[in-house]
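The values are calculated or read from the model by the stated rules, or taken from the named source; none is laboratory data. What you are looking at is a predicted structure, and each value in this text was computed from that prediction instead of being measured. FYI the Cβ positions are ideal-geometry reconstructions off the backbone, even for glycines, and counts take in every protein chain you see.
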């Protein structure tokens, strides 16, 4: 077995992550990562940790070269494909692949960072490779550098700057090994990365890349600190892996309402490090920083020793270390998706296996207690692995059924959609909230379809509609029971109660309670207060309704739906001038809305606002946070 101090740091981090999952605001989502952010989920990190231990204990030093050459080759193909996509050259026949931002790594920016992390490793491989492989690696390196220019993302440049600087610093220390002809290109590359990374210069001749929006570093830090202040468990263990979207909803700044992204809920923050602070707490961040610190100490110690001894293999180790350094630096500036996380862990394992190897072995006698204990552990791990594999297979089937359900609904077949969604729910044991949430909305579609039929008797209609109403309400409740910290579940539950208020008693009260709970989880969202105001407006409580609409406008003064109902209230109260003022503001924000123009004509003519008008639903077309996928 290969022993390293880093093993202990990684195990400590995994244990902390496990406790964070146990105390998570949504345990199921934190464990699997889905339907939240997959990359920081416990199972994903567990997989990376197992990969690390397998590499450091199974691969020999001579095999590490081939191990790391494989991602270099595959990344070249990924970069080539992504580059063609950015130029509008689409090779895949699928509709979702026929957009410039599509690639096999993630967002366009993450593709640029991915290339930047691998380039230092490829540079080192060029030094130690021969002829054909050297030529291929040069082609790979140039392709990756070209993509970095094409994407021109500052985090990619900063990461490459740090990786290149590491190679150059150690290269100058061992000038005898580094040919003088290679030092000059490295210096040129360093200057280029410094220029583009620090000054963030745009390149107008290249095609524009899709814009990627995320919370700022300051906003993410503020959200993280407010999350830690919620409770003692949150202080030490955070809100749970993958749950940043909940933290963002609860603590996002009011100023976001003045932008086009007011209804967007971000599943990750500005950087992986700040994400870990929010979702795994102080212990999670410290234990992860412990991994970085121990690796840096071991890496510098080993490289300096090899520089002094003049070991011929140190260049390869330097390349792995430089790429790892670039990956670690990127974590402070950018969130890590599955691909970037894989690179971080494979670089970590590759360096330890190749450099810091301390092999120890034991002989386990057949009848010894140690042998029995080791056998028990291996059997336990095997059974656990089989169980997780089976559950993962169930979840895959559930996702297929869920996708089929959404497609069926888009095709107008609500009954088939319900059947697929019920299958998805059963395959996950009812533990995934978005399945319940969307099932309740499809039930509402079915109810509306049945109510619109003209040739059905009241008795037959009642027999069909009543069970659907029960299903809609029960599934919306199930969503909030499964994931009570998800504001989307409470918004949909409130919407369901509001839609069936004429069909079941007490629906108005439950709608109010649901929207109030949603407001606690996302207090800066004007949509929620507008929905709550509509409930009060419908039941005739105009004072409460007015208060909610005014609260929504206090968060976003351009939110037209709130102004619409506020104008109707003023009209109902006989305050014509104030009603006209509200609808004039709506007209400026929605100049093509014919209904608003007609309402203004009515008000100016001394009529009631809605005389001769059948109101639309919603009255003003605006983006809302909750929609069926």
Subset of the stretch 41-75 that is assigned to a loop (DSSP other than H, G, I, E, B) and modelled with pLDDT under 95 - its residue that is surrounded by the most Cβ atoms within 10 Å (Cβ to Cβ): 59
Residue match in the stretch 451-462 (condition: within 30 Å of residue 27 (Cβ to Cβ), outside the structural domain of residue 25 (by TED's automatic domain parsing) and either within 34 Å of the chain's Cα centre (by Cα) or part of a helix (DSSP H, G or I) (or both)): no
From the options 149, 135, residue that is part of a helix (DSSP H, G or I), at pLDDT 90 or above and exposed (fewer than 13 other Cβ atoms within 10 Å of the Cβ): 135
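State yes or no: is residue 82 under 22 Å from the mean Cα position of the chain (by Cα) and at positive phi?
no
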Test: residue in the stretch 469-478 that is loosely packed, with under 15 Cβ neighbours inside 10 Å, in the same structural domain as residue 392 (by TED's automatic domain parsing), in contact (Cβ under 8 Å) with a residue 12 or more places away in the chain and over 26 Å from residue 27 (Cα atoms): no
Scan of the stretch 16-30 for residues that are outside any loop (DSSP other than H, G, I, E, B) and either over 30 Å from residue 430 (Cβ atoms) or in contact (Cβ under 8 Å) with a residue 24 or more places away in the chain (or both), ordered by number: 16, 17, 18, 19, 20, 21, 27, 28, 29, 30
Boolean, residue 142 is closer than 20 Å to residue 319 by Cα, more than 26 Å from the chain's Cα centre (by Cα), in a helix (DSSP H, G or I) and assigned by TED's automatic domain parsing to the domain that holds residue 337: yes
Residue among 332, 342 that alone is crowded, with 18+ Cβ neighbours inside 10 Å, at pLDDT 95 or above and farther than 10 Å from residue 117 by Cβ: 342
Qualifying residue in the stretch 265-278 (condition: modelled with pLDDT under 95, exposed (fewer than 15 other Cβ atoms within 10 Å of the Cβ) and not in a helix (DSSP H, G or I)): no
Some residue of the stretch 557-565 being surrounded by fewer than 23 Cβ atoms within 10 Å (Cβ to Cβ), without any contact (Cβ under 8 Å) to a residue 24 or more places away in the chain, more than 23 Å from residue 487 (Cβ to Cβ) and not assigned by TED's automatic domain parsing to the domain that holds residue 492: no
Some residue of the stretch 142-154 being on the phi > 0 side of the Ramachandran plot and in contact with a helix residue (DSSP H, G or I) (Cβ under 8 Å, 6 or more places away or on another chain): yes
Filtered residues of the stretch 79-107 (kept if surrounded by 19 or more Cβ atoms within 10 Å (Cβ to Cβ) and over 25 Å from residue 38 (Cα atoms)): 83, 86
